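Just below is one structure, and these are the notes that go with it.
None of the figures in this text is laboratory data; all of them are computed from the coordinates on show. Nothing here was measured: the structure is a model prediction, and the numbers come from that model. Here the Cβ positions follow ideal geometry from the backbone for every residue, glycine too, while neighbour counts run over all protein chains shown.
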Amino acid sequence: MPYYTLAELCIAAAAEAWRNDGEVLASGMGLLPRLAASLAKLTFNQALLMTDSECMLVAEPVPVGPRKIGSEPIFEGWMPYARTFDLLWGGRRHAMVGPVQIDRYGQSNISVVGDHARPKAAFLGVRGFPGNTINHANSMFVPTHSTRVFVPGEVDMVGGVGYNPARWPGGRKPAGLDLRIIVTDLAVLDFQGPDRQIRVTSLHPGASFEQVQENTGFPLARPDAIPTTAAPTDEQLDLIRRVLDPHDLRATVFKGDPPGDRAVKP
Amino acid sequence: MLDKRMTPAEIVGRLRDGMTIGIGGWATRRKPMALVREILRSPLRDLTVVSYGGPDVGLLCAAGKIRRLIFGFVSLDVLPLDAHFRAARQAGAIECTEYDEGMVLLGLRAAGMRLPFLPTRSGLATDVLRVNPGLKTVCSPYDDGEELLAVPAIDLDAALLHVTEADQLGNCVILSPDPFFDELFARAARECYLSCERLVPTEEICSREKARYNPFERSVVTGVVHIPYGAHPTASTPGYGIDVAHLKEYSDATGDAWPAYRAKYVDLADHAAYLATVGGAARLDAIPAPVF
């Protein structure tokens, strides 16, 4: 089996988020989710809509990093912010985001840590999280699986809606709420445990359920058998390395750019 | 003939303490930064600012001009977080009316439509309701009976926008790839002021081909000022890109380093002096477009 890094493993695992989505706008926020969405579009879901991360729809994913001067992508439409809201309110989108905190309900936070009026740490603000999570599918990427991210109780500022009936209007699940998967440096998780409990669906090579649970601030659902996260295929590795990320920016996602299989020496 | 030309000082001179000011553009794109620096040089205070925030919000925070901020985010894109906004927020120095980005859009649109609110699902089931206890919900009057968030109109006393071309009547075109929500800011405001890259005769402002880049009517515009490179250090494409090097210098200028930044880039006689300080037109023209 060819050598692959943890970043390449996570890109392939995160691409799965969009496998069965059909013709939705795939929005990968940040380097790794963007590469994952791009890989999905180049392989098993070519119907995905995608932008150049500015305001043009592109027929093929735009590689990350410096590009040859004059190498314009093939455009297939215009997607300024105003239209992005029109689209997302209609629900035909699946975003992958990187929250600062996530809780047992899948509620997410990129606003503040600490008290809202005088936070310990101020981040971006709720951005589009409230509207995104109540209107369309969302997945998440967490580069460091830890109890700082997967917090006990609730996140400090709920920006992204989760499976917490106490917060839903009239106690009814919002029709657009659809949390899919969470990809971390240790595992892939979803929301298909009992009562939407977060569940470990695969463990990265060398990671254990106990290790994942220990780094999570709430109890995780544990299936009887947990498969190992599938290694990227030769085709996927080629597309990632040669086409989508020729400058190896993905090497910066995880400290030291570790191997995907912890037992392997790079 | 109508002549809405003003100086930056005349525009800022029409603003008052405590006003609600909307600022156009988005994060590091097409921010009316020269007008923002003019506000920094003025005695204005206690402003409520509405913005898809970038260094406009950061500069106003650093100078203590903001009492309340209505926003969804503040970001420098290339640098995800604005250091001055963070410092002000973590010190509890500004009152934060934190909305979903789409709620800001709907609040501005409601104001422009002279409606008290517009309904949405965005914000429901989140802490946006907890931290903004004044927000109320409405029930659909139809059979579905759905409970929706009523985003209140965000009425602006003034809007400040930076456009590509304008004429002295207040007609304008925005030739950048994304017009963002400048149109909504213009309509939500009692008075709207434009800074422009090029001031052109009316016969050059529009054509059948350019008509789609004309975002709103001159009748919503109160004043126009010609400020080439007036969005620097944010981008105003076509023309010039984001000055990442300057944004880094700006970002590092917190705390003890702020007075030196302010003296060097803000407390200047006019925009021409600023332009010379940041390297002149030739340097700004040569800034490569950022890669996203």
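Counting neighbouring Cβ atoms within 10 Å and putting the fewest first, the residues B:165, B:191, B:217 line up as B:217, B:191, B:165.
Across region A:75-213, Cα-Cα distances exceeding 27 Å account for 24% of all pairs. Kirkwood hydrodynamic radius, computed over distinct alpha-carbon pairs, for region A:159-266: how many Å, to one decimal? Taking every pair of different Cα atoms in region A:159-266, averaging 1/r and inverting gives 16.4 Å. Per the Kirkwood formula applied to alpha carbons, region A:32-138 shows a radius of gyration over Rh ratio, Rg over Rh, of 1.03. Gyration tensor over the Cα atoms of chain A: the corresponding equivalent ellipsoid has semi-axes (square roots of 5 times the eigenvalues, largest first) of 27, 25, 17 Å. Report the calculated FRET efficiency for residue A:83 and residue A:148 (r = Cβ-Cβ distance, R0 = 41 Å), to the nearest 0.05. Efficiency computed from Cβ-Cβ geometry: 0.70.
Using 0.36 nm per residue and subtracting the Cα-Cα separation, the extra length available between residue A:75 and residue A:208 on full extension is 43.5 nm.
Cross-linked pairs A:120/B:248; B:4/B:65; B:31/B:264; B:65/B:248; A:68/A:255; B:210/B:248: Cα-Cα separations exceed 25 Å for B:4/B:65; A:68/A:255; B:210/B:248. Scattering from the C-alpha atoms of the protein assembly as shown alone, worked out with Debye: what is log10 I(q)/I(0) at q = 0.05, 0.12 1/Å? The Debye formula, applied to the Cα set alone, gives -0.21, -1.21.
When shorter helices are ignored and each DSSP H run of at least 4 residues is given -39500 (n - 2.57), the per-residue value for chain A at 222 nm works out to -5000 deg cm²/dmol. The phi torsions of region B:263-269, fed into the Karplus equation with coefficients 6.51, -1.76 and 1.60 and a -60° offset, translate into couplings of 5, 6, 10, 10, 7, 10, 4 Hz, rounded to whole numbers, with Gly and Pro shown as x. I want to verify the translational diffusion coefficient of region B:168-292 in µm²/s; compute it with Stokes-Einstein, Rh as the Kirkwood radius over Cα pairs, at 10 °C and 1.306 mPa s. The Stokes-Einstein estimate is 97 µm²/s.
Among A:74, B:70, B:154, a tally of other beta-carbon atoms within 10 Å of each Cβ gives an order, fewest to most, of A:74, B:70, B:154.
Proximity of backbone amide H atoms, modeled 1.01 Å from N, is registered between residue B:154 and B:108, B:110, B:111 at under 5 Å, excluding neighbours fewer than 5 places apart on the same chain.
On the beta carbon distance between residue A:224 and residue B:268, with R0 = 41 Å, the FRET formula returns roughly 0.05.
Determine the shape class of chain B: with a ≥ b ≥ c the square roots of the Cα gyration tensor eigenvalues, call it rounded for a/c under 1.5, and otherwise prolate if a/b is greater than b/c, oblate otherwise. Taking the square roots of the gyration eigenvalues as a ≥ b ≥ c, chain B is oblate. Fraction of C-alpha pairs exceeding 19 angstrom in region B:1-118: 47 percent, rounded to a whole number.
On a straight-distance basis, which lysines could pair with residue A:173 in a cross-link, Cα separation under 26 angstrom, same-chain partners fewer than 8 positions away excluded? Qualifying lysines at Cα under 26 Å: B:136. Taking amide H as placed 1.01 Å from N in the peptide plane, residue A:27 has its amide H under 5 Å from the amide H of A:94, A:95, A:96, each at least 5 places away in sequence or on another chain.
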